[in-house]
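J.: Before I ask anything, here is the structure I am working with.
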Amino acid sequence: MTLTNSNPNYVVEIKEILSNARKRAYSAVNSAMVEAYWNIGKRIVEEEQDGKERAEYGKEIIKKLSKELTTEFGKGFSERTLWEIKQFYLIFIDFEKLRTVCAVLKWSHIKLIMRVSNKDAQQWYIKEAAEQNWSVRTLDRNISTLYYQRLLSSQEKDSVQNEMKQNTQEFQNDSFEFIKKPVETQCIASLLVFLFF
């Protein structure tokens, strides 16, 4: 049976609905995971300090925690990852300032920004990456080419911005490309079930 009176654009509209739902689901899961990492980092620091102002040297909390979490939850909780999570908390102690950008930025964005030593540059990269919806590759390129410092020192800011946009244009197309892949979609669905049901 054919639908002759049907709107020929309905398939395109349905695809758009699905695509938007996947993006929102990914954003919700990502935001929840970044917040969870911050809370884990906070808890690690609290445990290391054990109520004191500074942590005692030589505690093996991260090593033990890595083993426990890996046994319970599988890959993703290596000692290095837990150290990065701890650093995330220490660098960005005021999470409320980050809450809005966490809906946009991935953990990969955060890890790149944590490597920037200048606090003003960190704040600028967070703000710009979120507002401009930079892909991880765009952010990585901008940090490695000292985009923030070049903008500050340039009298031709438009020229610097145009050069950046031109050199990162191909990177921007991959921001949500993974969502089209069934494996990633299934992973997102599984995370949503794990987190909310």
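Read the figures in this text as sums done on the coordinates, not as results from a lab. A quick note: this is a predicted structure, and the numbers were derived from the prediction, not measured. When we count neighbours, we look across all protein chains shown, and the Cβ atoms used for this are built from the backbone with ideal geometry, even at glycine.
J.: Given R₀ = 35 Å, FRET efficiency for Arg80-Ala103 by Cβ-Cβ distance, to 0.05? Each step should come with its number before you reach the end.
T.: Numbers: r = 26 Å, r/R0 = 0.74.
Result of the calculation: an efficiency of 0.85.
J.: Only counting other Cβ atoms within 10 Å, I'd like Ile143, Ile93, Ile110 sorted with the fewest neighbours first.
T.: Ranked by crowding around the Cβ, least crowded first: Ile93, Ile143, Ile110.
J.: Past 23 Å, Cα to Cα: identify those pairs from Lys42/Lys64; Lys15/Lys75; Lys67/Lys119; Lys42/Lys119; Lys42/Lys111; Lys42/Lys97, in the order given.
T.: Violating the 23 Å limit, Cα to Cα: Lys15/Lys75; Lys67/Lys119.
J.: I need Glu60, Glu128 ordered by Cβ neighbour count within 10 Å, fewest first.
T.: Glu60, Glu128
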